[in-house]
Amino acid sequence: MEKYILTFNPNNKKIKIEDKIISDCCEALIGALYLDKGFNNTEKIILNLWKNHIKKSVVTQIDAKTKLQELALKNFKKLPIYKLISNTGPRHKPLFKVGVKLPNTKYFISLGKSKKDAEQNAAIECLKSIK
């Protein structure tokens, strides 16, 4: 579902502007500011304009696959290897079994209702074994 912001043009007609267009315009404006004024000035302006939003923001949670990938690249200079072991159950309610392996480790196997969920669960198991 796309979000729209209603605005008014000079003819007092309502028009719809997609969030994507607004974010692209914002990005272009920040880029132009950076090219014209440099990093330090741009940083000050952004932090000043969005200080209230930054204070209210919630810390982004990093998912297990991302954590495992960062750890693998840092320690082994290689990505984790994910392997689909099985896909069972009816089409409307499948169950995926996935394994993940780092260099010099065994496969850590987990289940999920989707391949993505199974990969996340396997990454969690792998991270648990490392800690």
Those residues of the stretch 58-102 which are exposed (fewer than 12 other Cβ atoms within 10 Å of the Cβ) and over 23 Å from the mean Cα position of the chain (by Cα), in sequence order: T88, G89, P90, R91, H92, K93
Looking at the stretch 118-130, which of its residues are in contact with a strand residue (DSSP E or B) (Cβ under 8 Å, 6 or more places away or on another chain) and among the charged types (D, E, K, R)? E119, E125
Those residues that are out of contact with any strand residue (DSSP E or B) (no Cβ under 6 Å at 6 or more places or on another chain) and either β-branched (V, I, T) or more than 13 Å from L68 (Cβ to Cβ) (or both), I need them from the stretch 107-117; list them, please. K113, S114, K116, D117
Being of a type in the set (S, T, Y) and within 16 Å of L71 (Cα to Cα) is the filter here, so list the residues in the stretch 82-106 that pass it. Y82, T105
Of (1) exposed (fewer than 12 other Cβ atoms within 10 Å of the Cβ); (2) charged (D, E, K, R); (3) at pLDDT 95 or above, D117 satisfies all except one. Which? (1)
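The values are calculated or read from the model by the stated rules, or taken from the named source; none is laboratory data. What you see is a predicted model, and the numbers here were worked out from it, not measured in a lab. Glycine also receives a Cβ, built like all others from the backbone with ideal geometry; neighbour counts cover every protein chain displayed.
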